[in-house]
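As structure tokens, the structure follows; a few thoughts come after it.
The values are calculated or read from the model by the stated rules, or taken from the named source; none is laboratory data. Here the structure is a predicted model, which means the values were calculated and not measured. Cβ sites come from the backbone with ideal geometry, for glycine too, and all protein chains shown count toward neighbours.
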Amino acid sequence: MDRLQLVSQIPGLRRYARALTGEPWAADDLVQDTLERACSKWRLWLVGSDLRAWLFTLMHNIHANDIRRLVRQQRVAPTVELDETAHAVAAPDAGTDATLDLQRCLMQLPEEQRVVLLLVTLEDMGYADVARITGTPLGTVMSRLSRGRARLQALLDAPANHAAPTVHAGAEVVNLRRPR
């Protein structure tokens, strides 16, 4: 593996990681973990195969493992009452520009739809490459892409205050509202 080949993939990895995680610091951690894994497992990459697809597969698997670990930790973690932490909860600024917040809408998509949508649209990958990266059949990729596009359009068209609740890692998340 040539160092320049690896370095040239970093911008795409960063874009995808940022879109997956929604947080700059988490995206940087994910890219770092992906590059560390690529460097330690470089012998597994087949020379002549698509380095980009291999790196995205590594990132996808690392992210999926992180999500699974988070879900396990949440099952063990104690619950905290909202009243006990109300002083720490800050309401987001609800300006008029917030109605068309693409990042917010993307993060509301189910993980499997968001992953496929981002790989196809943001990274301009073919369906076969996305199927290989995510380990899903080609028809499933096309179905998730179609449902993801439709859901994203519905979220973007909905008024900001009536948007669907955010869902992360298959866990049910309830939107918290500050009493008036």
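Observations on the structure shown:
- The range 26-44, subset modelled with pLDDT under 90 and over 17 Å from A64 (Cβ atoms), residue surrounded by the fewest Cβ atoms within 10 Å (Cβ to Cβ): R43
- Look at the range 125-153: where a residue is assigned by TED's automatic domain parsing to the domain that holds N61 and farther than 25 Å from L55 by Cβ, no partner that is acidic (D, E) and buried (at least 18 other Cβ atoms within 10 Å of the Cβ) sits 6+ places away or on another chain with Cβ atoms under 8 Å.
- Any chance L156 is closer than 18 Å to L58 by Cβ, aliphatic (A, V, I, L, M) and surrounded by fewer than 18 Cβ atoms within 10 Å (Cβ to Cβ): no
- Residue check, I67 assigned to a helix (DSSP H, G or I), over 20 Å from Q108 (Cα atoms) and under 12 Å from the mean Cα position of the chain (by Cα): no
- Taking every residue in the range 28-39 that is farther than 13 Å from H60 by Cα and pairing it with any residue that is at pLDDT 90 or above and of a type in the set (K, R), at least 6 positions away or on another chain, the pairs with Cβ-Cβ distances below 8 Å are D28/R14.
- Exactly one residue among A98, A19, A91 is at pLDDT 75 or above and not polar (S, T, N, Q), and that residue is A19.
- W25, sole failed condition from (1) farther than 23 Å from V120 by Cα; (2) in contact (Cβ under 8 Å) with a residue 40 or more places away in the chain: (2)
- Unmet requirement for A19, which otherwise passes all of (1) assigned to a helix (DSSP H, G or I); (2) without any contact (Cβ under 8 Å) to a residue 40 or more places away in the chain; (3) among the small types (G, A, S): (2)
- Filter pass, Q73 being of a type in the set (S, T, N, Q), at pLDDT 60 or above and more than 30 Å from Q5 (Cα to Cα): yes
- Verdict on G22 being surrounded by 15 or more Cβ atoms within 10 Å (Cβ to Cβ) and on the phi > 0 side of the Ramachandran plot: yes
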